[in-house]
Amino acid sequence: MADRSYAPVDVPDSVLDRFRKLPVATIWSHVVRDAGVELPFIEGLNLYTPGMPRLAARARTLRFLPPRPDLLSEVRAGENSPEYKAMARCGPGDVLVCDMMGNTLACVFGDVKALQLKMNNADGIVTDGGMRDLDVMEDENYNLLVYARGRTPYASGPWAEPVEENTQIQCGGVLVRPGDVMVGDGDGVVVVPSWYAEECVQVVEDHESVEAYVKMKIERDNVPPGRYYPPSPETWEEWRATQA
């Protein structure tokens, strides 16, 4: 990894499309092992919009802090407030990622503010806090993927206030930088650094393909999985020969 460039890159839609076909568990293993990221998985998130396509989107970030009168006087600016600026950055292939400090009582925002994401055709919301008005968003076809730690009837106050956007944040104890790729399925959400995304998607595609080859051999030969799994170097060579 010494020769790797850690400069952030703009991940293209073509790479996101490939990530949507891949499982979070395998992506997690390679981000840890190959990219050296020890904590890429956001623990404790629930998927509240099942049945939609899998999440694979660039992170657009929003940070919340505990409110105080002096802070509120600086950040509450109507349509120019941080949450609206953050949502304005979100379009197709983008997801709003919110640092709610892990507070599941506090909601990022409800259906009225989320309308901006719907109008921009953004992919969704990921937060380590709570979400509300999900029934309204479903009934009115917002088409937003939502991962959160819980559902809540509350607003963000008195616990949290949106204060800064387009900056590095934590979400569920994981570093998220603008432009990182958020990949989600039923297992949860993993963060892929933008500088590793294109390499990662190829490595994981190969991993999944060789495992499919191994499963074929197990079923064909009617043997315990341990005969061929985990795949040996020889099995990898067999698989590579099938790709030629």
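Quick note: the coordinates plus some simple rules give every number you see, no bench work behind them. Note that the structure is predicted; figures quoted are calculated from it, not measured. All Cβ positions, glycine included, derive from the backbone under ideal geometry; neighbour counts span all protein chains shown.
Using the Cβ atoms and a cut-off under 13 Å, what net charge is assigned to the surroundings of Asp128, where Lys and Arg are +1 and Asp and Glu are -1?
0
What do you get for the angle between helix 197-221 and the principal long axis of the chain? Use alpha-carbon atoms, 0 to 90 degrees, nearest ten.
Here the helix axis deviates by roughly 50 degrees.
What ranking of His207, His30 emerges when the number of other C-beta atoms within 10 Å of each C-beta is taken as an exposure proxy, fewest first?
Lowest to highest Cβ neighbour count: His207, His30.
With a 10 Å Cβ neighbour count serving as the proxy for reagent exposure, in which order, fewest first, do Leu134, Leu62 appear?
Leu134, Leu62
How long are the semi-axes of the ellipsoid equivalent to the chain, from square roots of 5 times the Cα gyration tensor eigenvalues, in whole Å, largest first?
Numbers: eigenvalues 284, 70, 48 Å².
Taking √(5λ) for each Cα gyration eigenvalue gives 38, 19, 15 Å.
With +1 on the Cβ of every Lys and Arg and -1 on the Cβ of every Asp and Glu, and nothing else charged, how large is the dipole of the chain about its Cα centre, in debye rounded to the nearest 20?
Dipole magnitude for the chain comes out near 200 debye.
Please give me the summed charge of the neighbours of Val190: other residues whose Cβ is under 11 Å from its Cβ, Lys and Arg +1, Asp and Glu -1.
-4
Kindly write out, for the range 102-116 in residue order, the coupling ³J(HN,Hα) from the Karplus curve 6.51 cos²θ - 1.76 cosθ + 1.60 (θ = phi - 60°), rounded to whole Hz, with x marking Gly and Pro.
Computed from phi, the couplings for the range 102-116 are x, 8, 7, 6, 7, 9, 4, 5, x, 5, 5, 5, 5, 4, 4 Hz.
Could you state the per residue volume, in Å³, of the convex hull enclosing the Cα atoms of the range 201-243?
Output value, Cα hull per residue: 64 Å³.
Please list the non-local residues whose amide H lies under 5 Å from the amide H of Asp180, H modeled 1.01 Å from N, same-chain partners needing a gap of 5 or more.
Ala59, Ser194
Within the chain, what percent of beta bridges assigned by DSSP are antiparallel, to the nearest 5?
Here the share of antiparallel DSSP bridges comes out near 55 percent.
Quick one: net charge around Val97, please, counting Lys, Arg +1 and Asp, Glu -1 for every other residue with C-beta under 12 Å from its C-beta.
-1
Out of residues 5 or more away from Glu164 or on other chains, whose amide H comes under 5 Å of its own, with H placed 1.01 Å from N in the peptide plane?
For Glu164, the qualifying residues are Arg63.
Taking H as built 1.01 Å from N, whose amide H comes closer than 5 Å to the amide H of Leu145, not counting residues under 5 places away?
Gly124, Ile125
Given the DSSP H assignment, sum -39500 (n - 2.57) over each helix run of at least 4 residues in the chain and divide by its residue total; what's the result at 222 nm in deg cm²/dmol, nearest 500?
-10500 deg cm²/dmol
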